[in-house]
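*Asks:* Structure incoming, see below.
What follows draws every value from the coordinates through simple rules; no lab data is involved. Everything numeric in this text was worked out from a predicted model, so none of it was measured. In this analysis, Cβ positions are derived from the backbone assuming ideal geometry, glycine residues included, and neighbour counts consider all displayed protein chains.
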Amino acid sequence: MSDVAYLGILVGIIAVIALVTVPALLRKRCRKCNVRNSLDARVCRECGAAFPDDDASGAA
Ligand SMILES: [Zn+2]
């Protein structure tokens with residue numbers, strides 16, 4: 001019984017961490033005003049600053 005409870009707690013903690021972390025990773029932050037924009041945004045929704053197309057990955 002305690003094994004199931006332990007697993008449930010572990011999964012719950014992992015789920016909470018994922019829920020907190022993933023949205024932040026899926027957003028890019030404006031360098032000018034620090035507002036978070038969606039990944040496919042070309043310009044900042046707050047100040048209109050342009051985002052570079054690719055960050056660090058050299059994918060064509
Ligand atoms: Zn901005």
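*Asks:* If you line up the long axis of helix 2-25 against the longest principal axis of the chain, both from Cα atoms, how many degrees apart are they, to the nearest 10?
*Replies:* 0 degrees
*Asks:* Let me ask something additional. Using Cα pairs closer than 8 Å and at least 6 residues apart in sequence, work out the relative contact order for the chain, in percent.
*Replies:* 17 percent.
*Asks:* Also, I was wondering about something else. Compute, for the chain, the length of the dipole vector about the Cα centre, with Cβ point charges of +1 (Lys, Arg) and -1 (Asp, Glu) only. Units Debye, rounded to 20.
*Replies:* The dipole of the chain has a size of about 380 debye.
*Asks:* At a Förster distance of 30 Å, what's the computed FRET efficiency of Ala24 paired with Asp3, Cβ-Cβ distance as r, to 0.05?
*Replies:* The computed FRET efficiency comes out at 0.40.
*Asks:* Please report, in cubic angstrom per residue, the volume enclosed by the convex hull of the alpha-carbon atoms of segment 1-53.
*Replies:* Given the Cα convex hull of segment 1-53, per-residue volume reads 76 Å³.
*Asks:* Using +1 at the C-beta of Lys and Arg and -1 at the C-beta of Asp and Glu, which of Gly12, Ala41, Leu25 has the Cα lying farthest in the positive direction of the dipole of the chain?
*Replies:* The residue sitting most towards the positive pole is Ala41.
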